[in-house]
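Here you go, one structure.
The values are calculated or read from the model by the stated rules, or taken from the named source; none is laboratory data. Every value quoted in this text rests on a predicted model; they were computed, and no experiment measured them. Cβ placement follows ideal geometry from the backbone for every residue including glycine, while neighbour counts extend to all protein chains displayed.
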Amino acid sequence: MGIDTALRDRLLLGLQRLCLLYGELTEHARALLDIPDPPLEEIAQLLDHRDLALLEVKDVEQELVKALSSSRPDHPVAGFADVLAVLQGEALPALEAVARFRGALEALVETDRLFQKRIAETHAGIDAELRRIRRSSSLVKGYRQNDPTGSAFIDKIK
């Protein structure tokens, strides 16, 4: 159940593009992980860049599925996993490309896990600080004197 050379090359180029996108996302996330306290603007920029890159990933995956589907109408292609399965059945360059793709995807998943952990820790620190501030403000309220004038709408004599 092999595929022709032109289709294989097209699929391999698409897979290479996906590896580059995943590698780029991994590098950006690792660069932010290396900074002890990254500024919020850089995190927002990373997330915006990530959204755009993932849109491109989706487009490339759809293009590869469409290319494989159009070349083999007798074999339905359900998704990108089928593209990988077809490439795994090919010669050595295709197997190496699939292995590189899986490695890039695993690296991205691991970096995302670390980044998510970092954000969760930061979020927990912010929550603790907010609780401390709220507790402090409620303690300060206990020492304030009552307002002798009361409501602003009722005219009281002092």
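So which residues in the stretch 59-90 are out of contact with any helix residue (DSSP H, G or I) (no Cβ under 8 Å at 6 or more places or on another chain) and within 15 Å of Leu13 (Cα to Cα), if there are any at all?
Asp59, Gln62, Lys66
State the number of residues belonging to the stretch 100-120 that are loosely packed, with under 13 Cβ neighbours inside 10 Å and under 16 Å from Asp9 (Cα atoms).
0
Any residue at all in the stretch 1-15 that's surrounded by fewer than 16 Cβ atoms within 10 Å (Cβ to Cβ), part of a helix (DSSP H, G or I) and touching a residue at least 24 places away in the same chain (Cβ under 8 Å)? It would help to see each step written out before you state the result.
Start the filter on the stretch 1-15 by keeping residues that are surrounded by fewer than 16 Cβ atoms within 10 Å (Cβ to Cβ), which leaves 1-2, 4-6, 9, 13.
From what is left, the residues that are part of a helix (DSSP H, G or I) are 5-6, 9, 13.
The next check asks that each one be touching a residue at least 24 places away in the same chain (Cβ under 8 Å); those that pass are none.
No, the stretch 1-15 has no match at all.
Right, another one. Give the stretch 66-82 a look and list any residue that's part of a loop (DSSP other than H, G, I, E, B) and in contact (Cβ under 8 Å) with a residue 40 or more places away in the chain, or say none.
Restricting attention to the stretch 66-82, the residues satisfying the condition of being part of a loop (DSSP other than H, G, I, E, B) are 72-79.
Matches in the stretch 66-82: Arg72, His75.
Kindly indicate whether any position in the stretch 27-36 is at pLDDT 90 or above and of a type outside the set (Ser, Thr, Tyr).
Within the stretch 27-36, the subset at pLDDT 90 or above is 27.
With the extra rule that they be of a type outside the set (Ser, Thr, Tyr), the set shrinks to 27.
Yes, because at least one residue in the stretch 27-36 is at pLDDT 90 or above and of a type outside the set (Ser, Thr, Tyr).
In this structure, does Glu90 turn out to be of a type in the set (Asp, Glu) and not in a helix (DSSP H, G or I)? Give the steps one after another, and end with the answer.
Details: of a type in the set (Asp, Glu): yes; not in a helix (DSSP H, G or I): yes.
For Glu90, the condition - of a type in the set (Asp, Glu) and not in a helix (DSSP H, G or I) - is met.
With Glu56, Glu24, Glu110, Glu63 as the choices, which residue is charged (D, E, K, R), part of a helix (DSSP H, G or I) and without any contact (Cβ under 8 Å) to a residue 12 or more places away in the chain? Walk me through how you get there before you give the answer.
Details: Glu56 fails: without any contact (Cβ under 8 Å) to a residue 12 or more places away in the chain; Glu24 fails: without any contact (Cβ under 8 Å) to a residue 12 or more places away in the chain; Glu63 fails: without any contact (Cβ under 8 Å) to a residue 12 or more places away in the chain.
That would be Glu110, the only listed residue that is charged (D, E, K, R), part of a helix (DSSP H, G or I) and without any contact (Cβ under 8 Å) to a residue 12 or more places away in the chain.
Among the residues of the stretch 92-134, which ones are closer than 17 Å to Ile43 by Cβ and of a type in the set (Phe, Trp, Tyr)?
Selection gives Phe115 alone.
Is it the case, given these coordinates, that Ala29 is farther than 30 Å from Gly125 by Cβ and either exposed (fewer than 11 other Cβ atoms within 10 Å of the Cβ) or in contact with a Ser or Thr (Cβ under 7 Å, 6 or more places away or on another chain) (or both)?
On the way: farther than 30 Å from Gly125 by Cβ: no; either exposed (fewer than 11 other Cβ atoms within 10 Å of the Cβ) or in contact with a Ser or Thr (Cβ under 7 Å, 6 or more places away or on another chain) (or both): yes.
No; evaluated as a whole, the condition is false for this residue.
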